[in-house]
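Everything below concerns the one structure shown next.
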Amino acid sequence: MINGINDRELALNILLDIENGEHSDIAVRETLSKHQFLPKQERAFITRLVEGTLEYQLQLDYIIDFYSNISVDKMKLPIRVILRSAVYQIFYMDSVPDSAAVNEAVRLAQKKGFFNLKSFVNGVLRSIVREKDKVTWPLREMDPARHLSVRYSMPEELVKEWIEAYGEEKTETMLAAFLEERPVTVRCRTYPWDPALVRKSLEDQGVHVEQGPYLPYALRISGYDHLRTLDAFVKGKIQVQDVSSMLVAEAAAPEKGSYVIDVCAAPGGKSLHIADKMEGTGMVEARDVSEYKKGLIEENIARLNSINVQAKVRDATVFDAESECRADIVLADVPCSGYGVIGHKPEIKYRRSAAGQEELVILQRSILNTAAEYVKSRGVLIYSTCTISRAENEENMMWFLNSHPFRLESLDPYLPEELHCESTGLGYLQMLPGIHDSDGFFIARFRRNF
Amino acid sequence: MALRTIRTEGDPVLSKVCRPVREITPRIRTLVDDMLETMYDAGGVGLAAPQVGILKRVVVIDVGEGPIVLINPEILEADGEQTGDEGCLSVPGMAGKVTRPMHVKVKAQDLDMNEQILEGEELLARAFCHELDHLEGKLYTSLVEGELHEVNYDDEDGEEEE
């Protein structure tokens with residue numbers, strides 16, 4: 001007999017793919033689509049095991065280091081990942097007996113060719129099971145950043161950076177929010193569809209629909225198997241988008257017939273939203289850097305059947321003379337560190353580097369430089385990111401104001417009242433997960449002076 | 001010790017009922033050694049004698065807890081239920097969903113012809129049932145719920161990195 005590939009082995013393979021640089025959501029989706037015969041509950045088990053192991057990685061490593069005399073970063077990659085996912089099952093999955101978590105981990109170590117490490121895996125895990133209440137955590141009073149880092153599994157440098165920017169209390173709220181499960185948010189199109197009918201079509205297919213925060217057309221959906229089986233999705237009546245990202249089109253507030261350039265558009269959610277707000281008039285040029293990304297945008301344009309959006313391959317850092325001073329609105333939704341969406345893509349938090357951070361800021365400023373040139377006299381520039389890093393948000397905003405003929409313009413006329421605050425009056429908004437009912441996100445609205 | 005050729009589905013030897021072992025001859029010992037080696041080499045967790053063309057009631061199993069040798073095995077008790085994928089070295093590249101008992105108690109002789117009673121849960125219970133079926137000329141493919149599907153047992157050692 002051959003042991004059929006089991007759930008834990010699939011989960012391990014996915015985690016190894018992610019370690020090798022794959023995005024977590026793509027890795028899970030691809031593996032599950034290859035194993036469609038798996039019953040729904042096993043698919044849910046695999047997804048939970050992968051996401052949980054990833055989300056709690058730093059804390060799991062801390063626990064393993066506490067009991068193992070070989071430190072986690074010295075272990076061979078598959079052994080490290082096997083141990084992590086076993087410890088996740090022991091600490092966080094009540095339905096899994098500890099003995100099953102241990103035995104399966106030992107089996108996996110063998111199956112992956114580490115016959116001589118079986119007893120090591122067994123030994124470490126058995127002592128964790130035996131003494132799991134004896135772990136001592138870093139004390140908050142002694143070192144708050146280290147404490148929060150282990151407790152919420154967030155790299156210590158990031159915790160320190162956020163404590164400095166937002167204070168300890170807000171930082172902890174955000175850290176907790178990243179670990180919370182959140183249903184998918186979709187934008188229900190109000191043009192050219194009747195949102196009440198769209199909602200009904202979802203409910204008729206057994207989807208659980210809840211009103212989302214801040215915007216009447218933001219809906220939270222759950223209880224479906226696959227998005228592509230939903231009629232409302234296939235016919236382009238809904239678009240998956242976090243509510244924070246929907247606020248970009250609100251902040252842009254395009255008049256009908258406007259010419260809009262979205263310089264980093266893929267996969268096109270914000271461009272399409274702006275196009276909907278113009279109700280089929282005007283034109284949105286949805287640009288991105290490669291044919292592949294253009295393809296992603298075109299796929300969405302086709303599904304939504306939007307006539308006033310056009311996808312183009314253009315590098316946002318390269319000046320395009322034809323567009324100079326031509327756009328009523330330019331949207332610069334720049335590549336960023338993505339810390340605002342750690343709740344959906346937990347691997348982001350482990351991939352940070354100081355050098356990478358500096359390069360991002362340089363890239364963002366270079367995009368802002370060219371984007372500013374496309375705005376016509378008295379036109380609008382929207383700057384947005386899905387991060388909570390000061391350097392990429394407020395600091396870039398201040399740099400831009402000091403070096404370009406633009407001023408900030410209040411967001412209050414365009415945003416729901418519950419979001420109004422001092423900064424929105426000035427013209428920018430930093431959304432923080434847990435504090436706001438959304439991902440972390442930044443929006444600033446600039447008006448060109450002349 | 002030597003590797004033996006694993007017979008695959010369609011070979012008539014796989015559908016025959018096996019004969020009991022009356023005494024442990026040197027040939028039987030060699031057979032058991034070869035079966036273990038062949039099973040490990042092929043990455044299996046169990047192998048029955050008919051799979052290497054010998055119609056004798058001999059089974060070897062290793063689900064990761066060390067080798068088990070069963071001579072003339074019989075199931076004494078079975079209870080509970082588990083449903084999951086299983087594959088067979090005689091049906092390469094395929095797997096299918098099979099429901100088996102969760103807990104199985106087996107009586108068999110060891111290589112000294114002493115009677116032993118073994119109990120297994122989960123994978124071991126599944127392996128007992130799967131291998132004992134072979135001794136009756138039965139393949140798991142006749143028990144599969146739904147369709148057989150293809151599988152790749154790739155990245156054996158997980159050492160390769162991009």
Report summary line: By the mean-Cβ-within-10 Å protection proxy, highest first, A:119-126, A:178-185 rank as A:119-126, A:178-185
Query raised in the report: log10 I(q)/I(0), Debye, Cα-only the protein assembly as shown, no solvent, q = 0.06, 0.07, 0.08 Å⁻¹?
Result: -0.43, -0.57, -0.70
Query raised in the report: What are the ³J(HN,Hα) values, in whole Hz, obtained from phi via the Karplus relation 6.51 cos²θ - 1.76 cosθ + 1.60 with θ = phi - 60°, for each residue of the stretch A:168-181 in sequence order, with x given for Gly and Pro?
Result: 5, 5, 4, 4, 5, 4, 5, 4, 5, 5, 4, 8, 7, 7
Report task. Return the long-range amide H neighbours of B:G46 (sequence gap of 5 or more, or a different chain), with a cut-off of under 5 Å between placed amide H atoms. Result -> B:D62
Query raised in the report: Going by alpha carbons, how many degrees (0 to 90, nearest 10) lie between the helix axis of A:118-130 and the longest principal axis of chain A?
Result: 80
Query raised in the report: How high is the relative contact order of chain B, given as a whole-number percent (alpha carbon pairs under 8 Å, six or more residues apart)?
Result: 24
**Report entry** Around A:S149: net Lys/Arg minus Asp/Glu count, Cβ-Cβ under 10 Å
**Finding:** 0
Requested in this report: Could you sort A:222-228, B:86-92 so that the peptide with the highest average Cβ count within 10 Å comes first and the rest follow in order?
Outcome: B:86-92, A:222-228
Report summary line: Of all DSSP beta bridges having both residues in the protein assembly as shown, the percent classed as antiparallel (nearest 5) is 75
Report summary line: Tilt, helix A:98-111 to longest principal axis of chain A (alpha-carbon atoms), in degrees rounded to tens, equals 90
Requested in this report: Highest first, please rank the peptides A:378-389, A:70-81 by the mean number of other Cβ atoms sitting within 10 Å of their residues.
Outcome: A:378-389, A:70-81
Query raised in the report: Tally Lys/Arg at +1 and Asp/Glu at -1 over every other residue whose Cβ is under 13 Å from the Cβ of A:E168; what's the total?
Result: -1
Report summary line: Neighbours of B:I71 by Cβ distance under 14 Å: Lys/Arg at +1, Asp/Glu at -1, summed charge 0
Requested in this report: Give the cross-link partners of A:K132 among the aspartates and glutamates, using a straight C-alpha distance below 20 Å as the criterion and excluding same-chain residues fewer than 8 apart.
Outcome: A:E55, A:D61, A:D65, A:D94, A:D98, A:E104
Report summary line: Dividing the mean separation of Cα pairs under 8 Å (6+ apart) by the residue count of chain A yields a relative contact order in percent of 12
Report task. On a 0 to 90° scale, report how tilted helix A:195-204 is relative to the longest principal axis of chain A, with both axes built from alpha carbons and the result rounded to the nearest 10. Result -> 20
Requested in this report: Based on other C-beta atoms within 10 Å, arrange A:R352, A:R84 from fewest to most.
Outcome: A:R352, A:R84
Query raised in the report: Over the stretch A:243-448, what relative contact order in percent results from Cα pairs under 8 Å that are six or more residues apart?
Result: 22
Report summary line: Once amide hydrogens are built 1.01 Å from N within the peptide plane, the residues lying 5 or more places from A:A311 or on another chain with amide H under 5 Å from its amide H are A:A286
Report task. Past 30 Å, Cα to Cα, is the threshold; run A:K40/B:K16; A:K34/B:K107; A:K270/A:K349; A:K34/A:K111; A:K160/A:K270 against it and keep the listed order. Result -> A:K40/B:K16; A:K34/B:K107; A:K160/A:K270
Query raised in the report: Once amide H atoms are placed 1.01 Å from N in the peptide plane, what residues at a sequence separation of 5 or more from B:K56, or on another chain, have their amide H within under 5 Å of its amide H?
Result: B:R19
Query raised in the report: Once you average over the residues of B:83-89, how many Cβ atoms of partner chains fall within 10 Å of each Cβ?
Result: 5
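Laboratory data are not the source of any read-out in this text; all were calculated from the coordinates shown. Remember, it's a predicted structure, so these values are computed and weren't measured experimentally. Because the Cβ atoms are built from the backbone with ideal geometry, glycine has one as well, and the counts that use them run over all protein chains shown.
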